[in-house]
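Working notes, beginning with the structure itself.
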């Protein structure tokens, strides 16, 4: 698995971000089954708006392509973040898609509300 993330501060209010990830894998339903290819691509494009007094809002569009299955899933994610310390922020959001940006997560049950804690050291 490999991924590339990047972000760019357009100005003091707007930041755009993107992610491209690839998973090369073989999976089976259980260990007795035959393994099958399960390669996938993930593409994410987002924008973050810096509100007043340490608040940010984020919106992303996402696409997961399962290469060997020949399927594509698209979705979106929105979140709001509050900076609670210069090195920490907490966010609450909603994932409108069934998949996450973790390509090792093979169970597509990620739709719904999430809480995110980000710490920088």
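The values are calculated or read from the model by the stated rules, or taken from the named source; none is laboratory data. The shown structure was predicted, so the numbers you read here are calculated from the model rather than taken from an experiment. Positions of Cβ are backbone-derived with ideal geometry, glycine not excepted, and every protein chain shown enters the neighbour counts.
List of remarks:
- When residues of segment 61-71 are limited to those that are surrounded by 13 or more Cβ atoms within 10 Å (Cβ to Cβ) and more than 12 Å from the chain's Cα centre (by Cα), the one farthest from residue 119 (Cα to Cα): 67
- The condition of being assigned to a strand (DSSP E or B), without any contact (Cβ under 8 Å) to a residue 24 or more places away in the chain, over 20 Å from residue 3 (Cα atoms) and touching a strand residue (DSSP E or B) at 6+ places or on another chain (Cβ under 9 Å) holds for only one of 78, 61, that being 78.
- Matching residues in segment 81-107 - criterion: being loosely packed, with under 14 Cβ neighbours inside 10 Å, without any contact (Cβ under 8 Å) to a residue 12 or more places away in the chain and not in a strand (DSSP E or B): 86, 102, 105, 107
- Pick from segment 72-100, criterion under 14 Å from the mean Cα position of the chain (by Cα) and more than 15 Å from residue 58 (Cα to Cα), ranking: modelled with the lowest pLDDT: 100
- Residue 116, sole failed condition from (1) free of Cβ contacts under 8 Å to residues at least 24 places away in the same chain; (2) surrounded by fewer than 13 Cβ atoms within 10 Å (Cβ to Cβ); (3) touching a strand residue (DSSP E or B) at 6+ places or on another chain (Cβ under 7 Å): (1)
- Test: residue in segment 41-49 that is surrounded by 12 or more Cβ atoms within 10 Å (Cβ to Cβ) and part of a loop (DSSP other than H, G, I, E, B): no
- Some residue of segment 13-28 being over 19 Å from the mean Cα position of the chain (by Cα), in a strand (DSSP E or B), farther than 14 Å from residue 101 by Cα and free of Cβ contacts under 8 Å to residues at least 24 places away in the same chain: yes
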